[in-house]
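> This is the structure I want to talk about, given as structure tokens.
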């Protein structure tokens, strides 16, 4: 009998001799690769009524036919589970193949029997039942197997967690490919891969390599030349095998790099058998392309940034250049990659620069992977799913994954995914949203901003909200939700409130630890990643319960959460006014008050008074003090625009809702608006603001504004053919298709409105089609600059009509 300790990296499965086996791939503490194998039967639950003995006997002999094969139940057990707020006995049905669950479920439903947990991933059933967490230290006991594999196989009789806090520091290798791009289109059947780069670091020593098959003079030692694309692909495999990473990572590599490599490898009959079991790269395109190896983890940094990290980023685009610039402070190598094909065909002396570009992409992605690894590791520990699956999850999937993990602790029956009809019905449902107290437009001084800390999660925890406590019989007629006819049990904790209390408490402890470490000037990266993970999950519960595809969908719960939120914010506003403060603005979980003749000490006393009356987990915090602020008007009416204001804290300006934070405005409009806000809030000088606008308009009319300042960006939200209203971005997208570009829903289209006659859409052009100065100055003045500044200047006494009149007038309008 052999005992080993190993870090769990990846999980896979296999059917052998008609039974299902789990394969746990990892690396021992000594650095050796290992695969731990255990026979594990998948299962699902069948609900019955009364005495289950007769039904169990019936199930023991039940079978269905599939592809001329008889699918039978392996064995059954009776098990009691908590189905929301009821204890119910179920028949636990075991199967020899996880795929059999769906086939048997379909047959059982024809007998009017309800089935549950038939769609839980097999690997996760195993991890949940064995209480194992990926990336942590696992202990296994067993005997070695003789089976074809790159790594030793251990058939085990015992697998347990050895140390859930001991997390592996993975060996990461980043890669990137560049392809022949003369048609500017992704055509892997036709266009070859010209170069591939790798980057990694071991003990701060860089490993860097670029492989290409067109020779040129160079002194760069990291460039390797091979004799053809087929040799390049073989070298790609060789580098990965020799470097032996735990994680291979790319940027958009799920969709582009790996599928492209696979397609080119197939043309040369080369197997990309980089899996630890000699299996090939698997590319799946069910919804969003997924590319995976067995054992070797493939991390597409783009997917994790887009799905999780991007929510808190400032960038408009999730391109490698934009993301690395924001998160790392580094940018891509400055070269026009569109010229690669020409250099490859006729100017090989220029290829060295493209190799630098290729390597820089791998370097940037590696640095992003390293920077985000603590976040990924902590989410893995919180949710319990392997990095491959977790890094591709949306917020709703993260929450659901966390609930699935915690379900065992409470013996909770996992709810089924909704049917198509249920989803369609849910999509039509609505509920009342958050409260907004509209501001009066104007300039303000000495503004204090208060926020309820994690309002929605703390409401769920404090008021015991959950599908299992909704409208209980024992508390009927007692504490009802403000303005609603529903209530939640006060005697028994809901499943959601229990796990949210835990998340909130854990994050509070971690914040204290971060504070203590900061004072000692110790590293806080891991703690901050853990705090971010806990916050991400907690804040997503509200949205999850209202998500139409959620297993634990509960519209009454969501409606109740917003009702409580409206109640808390309105009561706090009333108390602020009663305490002598002037409420300027209120929205969802925050309010802004004007100090007036009050002091900050008075505001802190008000804060303490509010917090003393709040439930245990709820807390009102002072977000900041702002000497000057501006709230702008709606286009019509005298009330202020919701979520459109700017606050100056004495050093920098916080902008919310203005054009400067939106994608569909040119850089020039954003810069102009930011400058105007700076002159008004920081310098308190309206004349400077107006003079600045005059200069911008003059440069536009004179054709002196660079095109990169005038690029407009609009996202394609659906396939081009489905657009009935044809906007400029759709016209440009069609031109791109004609030129061979790849165009797809979700893509951001960049264009310029050029000079000339006709409708705006007729003059919208791809950026490279427009010469410097050949833009429509009037369009940019009237549709970009003026809208960006008019709402601000209207607050300062400039009538909007004055701004747009052509006749002689005073103030800003005269200039235009």
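Readers should treat all values here as calculations from the given coordinates under stated rules, not as data from a laboratory. These figures come from a predicted structure and were not determined experimentally. Please note: Cβ atoms are built from the backbone with ideal geometry, for glycine as well, and neighbour counts cover all protein chains shown.
> For a test of the definition: using alpha carbon positions, the gyration tensor, and the 1.5 limit on a/c, classify the stretch 280-354 as rounded, prolate or oblate.
On the way: a/c = 2.54, a/b = 1.30, b/c = 1.96.
Oblate is the answer for the stretch 280-354, as a/c is 1.5 or above yet b/c matches or exceeds a/b.
> Now for a different question. Work out the FRET efficiency for residue 242 and residue 119 from their Cβ-Cβ distance, taking R0 = 60 Å, and round it to the nearest 0.05.
On the way: r = 40 Å, r/R0 = 0.67.
E between residue 242 and residue 119, to the nearest 0.05, is 0.90.
> Over the stretch 436-644, calculate the relative contact order: mean separation of alpha carbon pairs under 8 Å at least 6 apart, over the residue count, as a percent. List each step's numbers first, then the result.
Details: 327 pairs, mean separation 82.3, N = 209.
With pairs under 8 Å counted, the relative contact order is 39 percent.
> Among (1) 48, 30, 26; (2) 48, 41, 25; (3) 66, 31, 20, only one was calculated for this model; which label is it, if the read-out is semi-axes √(5λ) of the Cα gyration tensor in Å?
(2)
> Taking the Cα-to-Cβ direction at residue 523 and at residue 69 and moving 7 Å from each Cα, how far apart do the two end points lie in nm?
The two pseudo-label positions are separated by 4.9 nm.
> Now a separate question. Note down the nm distance, to one decimal, between modelled labels 7 Å out along Cα→Cβ at residue 330 and at residue 479.
The modelled label-to-label distance comes out at 5.3 nm.
> Along the Cα-to-C-beta direction of residue 171, a point sits 7 Å from the Cα; which residues of the stretch 230-269 have their amide N less than 15 Å from that point?
238-249
> Kindly put 392, 530, 551 in sequence by how many other C-beta atoms sit within 10 Å of each C-beta, fewest to most.
On the way: 392 20, 530 23, 551 17.
By the 10 Å Cβ count, ascending: 551, 392, 530.
> For the chain, what is the mean residue ellipticity at 222 nm derived from helices alone (per DSSP H run of n ≥ 4: -39500 (n - 2.57); sum divided by total residues; nearest 500 deg cm²/dmol)? Write down the numbers at each step before the final one.
Details: 25 runs with 290 residues, N = 816.
So the calculated ellipticity at 222 nm is -11000 deg cm²/dmol.
> Ranked highest first by the average count of other Cβ atoms within 10 Å around their residues, in what order do 216-224, 376-384 fall? Mind dumping the intermediate values first?
Working: 216-224: 13.0, 376-384: 22.6.
The packing order, highest mean first, is 376-384, 216-224.
> When all C-alpha to C-alpha distances in the stretch 139-275 are sorted into bins of 5 Å, what percent of pairs does each bin hold, rounded to whole numbers?
P(r) over the stretch 139-275, rounded to whole percents: 2, 8, 15, 17, 17, 13, 10, 8, 5, 4, 2, 0.
> Just rank 189, 424, fewest to most, by other beta-carbon atoms within 10 angstrom.
Values: 189 8, 424 11.
Fewest-to-most ranking of 189, 424: 189, 424.
> Moving on to the next point. Report the FRET efficiency, 1/(1 + (r/R0)^6), for residue 164 and residue 205, where r is their Cβ-Cβ distance and R0 is 35 Å, rounded to 0.05.
On the way: r = 31 Å, r/R0 = 0.89.
Working from the Cβ atoms, E equals 0.65.
> Further, regarding this structure: For the peptides 99-106, 555-562, what is the packing order when you average, over each peptide's residues, the other Cβ atoms within 10 Å and list the highest mean first? Mind dumping the intermediate values first?
Details: 99-106: 18.9, 555-562: 21.2.
Final packing ranking: 555-562, 99-106.
> At 0.36 nm per residue, minus the direct Cα-Cα distance, what do residue 695 and residue 597 gain on full extension? Give it in nm, one decimal, please.
Extending this stretch completely gives an extra 31.3 nm.
> Over the chain, what relative contact order in percent results from Cα pairs under 8 Å that are six or more residues apart? Intermediate results must be reported in sequence, preceding the final value.
Numbers: 1494 pairs, mean separation 75.6, N = 816.
Dividing the mean separation by the residue count of the chain yields 9 percent.
> Would you kindly compute the Cα radius of gyration of the stretch 222-302 and its largest Cα-Cα separation (Dmax), both in Å?
12.5, 38
> Which residues among the stretch 191-211 fall inside the zone where the amide N is under 14 Å from a point 7 Å beyond the Cα of residue 345, along Cα→Cβ?
In the stretch 191-211, the label zone of residue 345 (backbone N under 14 Å from the point 7 Å along Cα→Cβ) covers 191-192.
> Please rank 544, 431, 122, fewest neighbouring Cβ atoms within 10 Å first, as an exposure proxy. Could you put the intermediate results ahead of the total?
Values: 544 24, 431 14, 122 21.
Least to most surrounded, the residues fall as 431, 122, 544.
> Once R0 is set to 45 Å, what does the formula 1/(1 + (r/R0)^6) return for the Cβ-Cβ distance between residue 471 and residue 269, expressed as a FRET efficiency to the nearest 0.05?
On the way: r = 64 Å, r/R0 = 1.42.
Computed FRET efficiency for residue 471 and residue 269: 0.10.
> Could you give the nm distance between label points at residue 512 and residue 321, where each point is 7 Å from its Cα heading toward the beta carbon?
If labels sit at residue 512 and residue 321, their model points lie 4.8 nm apart.
> Residue 145 label point, 7 Å along Cα→Cβ, cut-off 12 Å on backbone N: hits in the stretch 23-56?
23-25, 35-40
> For residue 490 and residue 707 in the same chain, what is the full-extension length gain: residue separation times 0.36 nm, less their Cα-Cα distance, in nm? Before the final figure, lay out the partial values.
Values: separation 217, 0.36 × 217 = 78.12 nm, distance 6.26 nm.
Between residue 490 and residue 707, full extension yields an extra 71.9 nm.
> While we're looking at this one, here's another question. Residue separation times 0.36 nm, minus the C-alpha to C-alpha distance between residue 54 and residue 311: what's the value?
Length difference between fully extended and current span is 87.2 nm.
> Express as a percent, rounded to the nearest 5, the fraction of DSSP beta bridges in the chain (both residues included) that run antiparallel.
Working: 112 of 126 bridges.
Rounded to the nearest five, the antiparallel share is 90 percent.
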